[in-house]
Amino acid sequence: MIALTGGKILTMCGKNLDRGTILVRNGKIWAVGKNIDIPSGCQVIDVTGKTITPGLIDAHTHLGVESEGMGWAGIDVNERSEPVTPEMHTLDAINPADLGLLEAYQGGVTTVMVAPGSANPIGGQCVILKTAPKPIVEQMVLQRYAGLKIAFGENPKRVYGADRKKMPVSRMATAALIREAFWKAHHYLAKQAEKDYKYDMGLEAIAKVLRKEMPLRAHAHRADDIVTAIRIAREFDVDIIIEHGTEAYLVADMLAEEEIPVVLGPTLSTRSKVELKDKTIESPALLYRHGVSFAMMSDHPVTPSSFLSIYAGLATRYGLPANKALKMITCDAARILGLNDRIGSLAPGMDADLVVWSEDPLIISARPEIVMVDGRMDFLQEKELS
C-alpha cells in the first residue's frame, strides 16, 4: 500500500482537500481524505506543498500511429487506398515505443484516445490506452472499441477528389458514402439470422455502432459539417461525438439541446486551412456558457499531448473557469469517453491514475513530479536529476 500525504488534492468529483491523504492499494484508490489512519507497513510519501490531480486524459490523439521522429516509416494513421475502411483498427498500427506516448506520460497524461486520421469518410476504429510505458500494446489498452471514426469537410475531398479524382469530390459524396455504408450494415444485421449470412469485417465494425456498443467519432470543423454529422447520426439512431468542433460555438444551442458532446481542439494550432478560418481560442468558454458537454484534445502530433495542461490553462485566459478547465481534461473527458467509473477523478475504487504537480497544474511552470498509473509510480524529478 502507498500513502501520499500532505498535498492539496483536487478530486474532481467532490470537495478539494488541503493537506489530504490518498491511499493506494492493488492499483486502485483505497481512500481519500483528511486524518486517514495509515496502515502499518505502508509506503508513505510526503507531498506537502504539492498538488495532486487525477491523471490527465487526452480525448483525441494519433499517438503511436504517427510515431515521433520516424517520418514516413512511422505514419500509419490513414489507409488511403479506399475512402471507406471501417474494418481498420488503430490497435494494429500503434507503436508502443513511440516517444510521443512516453512524453505524454511524463507530462501527466495517463490516458489517451487514439483515432485514425481524417482522410477517409469512414476511417476505422479507435482505441483508448493508458500511457505508462509497456513493451506490448495490449498491456496498455483500456478500451479496445472506443468509436468509429468518420470525417467530413475538406480532408476527404482533398485526399480523393483533388488528389486522386475519385469519390468523394464533394461534401455531398462524403455524406452519401457514409450513409451507404450504414445502410449496408443495417441490412447486414437483419440477415444475420439467415442461412446465407456471410461475415463482413467492415460491416461488423459499423454494426457495433448501430448496436450502440461504440459511438461515432465525427471529424467536423465547420458548423454545417457538424450539423450534417448530427443529421446522419439521427437517421440511424446512433451515438455521436463531435471531434474538433472548430465552429461548434456557432451551433452550441443545438449541441446542448441534443446533448451531443464535443472533443474540442486543437486550440493552440494555426488556421492552416479554410475550414479553420473562424477558429477562436475562446471556444471552450463559449461552449461552457451554452451548456455543451466538452473535453479538450491535443490532436497529437498536431500539438504535443505532453502539454495538455498548458492548453487547458490558456483557456482560462479567455474566460473558462479554472475548475472547468481542469475538468475538461479529467472527469469531463472520462465521461465523454464512457470511462468515468474508472478514471478522471480521485475517489475510492477508481484506478490509481494520478499526478503530483509542483504547483497548480494550470500554471505554465507546473511540472509533474510523480506520475502514477494503476498504482505504479515514476518519480520524474529524480530521473531528471540522476
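Numbers for the structure displayed
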| item | result |
| --- | --- |
| Given (1) of a type in the set (A, V, I, L, M, F, W, C); (2) modelled with pLDDT of 95 or more; (3) within 22 Å of the chain's Cα centre (by Cα), number of the condition Leu268 does not satisfy | (2) |
| Of residues in the range 297-316 being touching a helix residue (DSSP H, G or I) at 6+ places or on another chain (Cβ under 6 Å) and within 19 Å of Leu10 (Cβ to Cβ), the one surrounded by the fewest Cβ atoms within 10 Å (Cβ to Cβ) | Thr316 |
| Which listed residue is under 18 Å from Leu63 (Cβ atoms) and aromatic (Phe, Trp, Tyr), from Phe294, Phe307 | Phe307 |
| All positions within the range 13-28 that are open to solvent by less than 20 Å² (accessible area, probe 1.4 Å) and either without any contact (Cβ under 8 Å) to a residue 60 or more places away in the chain or more than 19 Å from Arg376 (Cβ to Cβ) (or both) | Gly20, Thr21, Leu23 |
| Test result for Ser309, in contact (Cβ under 8 Å) with a residue 12 or more places away in the chain, in contact with a Lys or Arg (Cβ under 9 Å, 6 or more places away or on another chain) and of a type in the set (S, T, N, Q) | no |
| Per-region count, the range 317-374, residues open to solvent by less than 40 Å² (accessible area, probe 1.4 Å) and in a helix (DSSP H, G or I) | 8 |
| Residue in the range 30-46 that is in contact with a Gly (Cβ under 8 Å, 6 or more places away or on another chain), more than 22 Å from Asp299 (Cβ to Cβ), among the β-branched types (Val, Ile, Thr) and open to solvent by 60 Å² or more (accessible area, probe 1.4 Å) present | no |
| Long-range neighbours under 8 Å by Cβ, at least six apart or interchain, first residue under 20 Å from Gln125 (Cα atoms) and at pLDDT 95 or above within the range 89-100, second surrounded by 18 or more Cβ atoms within 10 Å (Cβ to Cβ) and among the hydroxyl-bearing types (Ser, Thr, Tyr) | Asn95/Ser67; Asp98/Ser67 |
| Residue pairs meeting the criteria (Cβ under 8 Å; at least 6 apart or on separate chains; first closer than 17 Å to Glu180 by Cβ, in the range 227-242; second aromatic (Phe, Trp, Tyr) and part of a loop (DSSP other than H, G, I, E, B)) | Thr228/Phe152; Ala229/Phe152 |
| Near pairs, Cβ below 6 angstrom, 6+ apart or cross-chain, from the range 313-329 (closer than 13 Å to Thr280 by Cβ) to any residue that is open to solvent by less than 50 Å² (accessible area, probe 1.4 Å) and part of a helix (DSSP H, G or I) | Ala315/Pro284; Ala315/Ala325; Tyr318/Ala285; Gly319/Ala285; Leu320/Pro284; Leu320/Ala285 |
| Within the range 226-238, tally of residues that are open to solvent by 10 Å² or more (accessible area, probe 1.4 Å), closer than 25 Å to Asn155 by Cα and either acidic (Asp, Glu) or assigned to a helix (DSSP H, G or I) (or both) | 6 |
| Count - residues of the range 92-106 that are open to solvent by 10 Å² or more (accessible area, probe 1.4 Å), of a type outside the set (Asp, Glu) and more than 24 Å from Glu79 (Cβ to Cβ) | 2 |
| Pairs where the first residue, in the range 29-47, is at positive phi and the second is open to solvent by less than 90 Å² (accessible area, probe 1.4 Å) and in a loop (DSSP other than H, G, I, E, B), C-beta under 9 Å, 6+ apart | Gly41/Met1 |
| Hits in the range 76-91 - residues which are in a loop (DSSP other than H, G, I, E, B) and open to solvent by less than 50 Å² (accessible area, probe 1.4 Å) | Val77, Asn78, Pro83, Thr85, Pro86 |
| Counted residues, the range 47-71 - those being at pLDDT below 95 and either open to solvent by less than 20 Å² (accessible area, probe 1.4 Å) or over 21 Å from the mean Cα position of the chain (by Cα) (or both) | 4 |
| Among the candidates Ala104, Ala73, Ala59, residue that is in a strand (DSSP E or B) and among the hydrophobic types (A, V, I, L, M, F, W, C) | Ala59 |
| Set Lys273, Lys277: member being of a type outside the set (Phe, Trp, Tyr), open to solvent by 10 Å² or more (accessible area, probe 1.4 Å) and without any contact (Cβ under 8 Å) to a residue 12 or more places away in the chain | Lys277 |
| Residues being within 25 Å of Pro215 (Cα to Cα), in a helix (DSSP H, G or I) and hydrophobic (A, V, I, L, M, F, W, C) - total across the range 277-311 | 3 |
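The values are calculated or read from the model by the stated rules, or taken from the named source; none is laboratory data. None of the values given here were measured: they were computed from a predicted structure. Because the Cβ atoms are built from the backbone with ideal geometry, glycine has one as well, and the counts that use them run over all protein chains shown. For the accessible areas, the whole protein counts, side chains as well, though only heavy atoms, and no ligand, DNA or RNA atoms are used. Shrake-Rupley method; radii C 1.70, N 1.55, O 1.52, S 1.80 Å.
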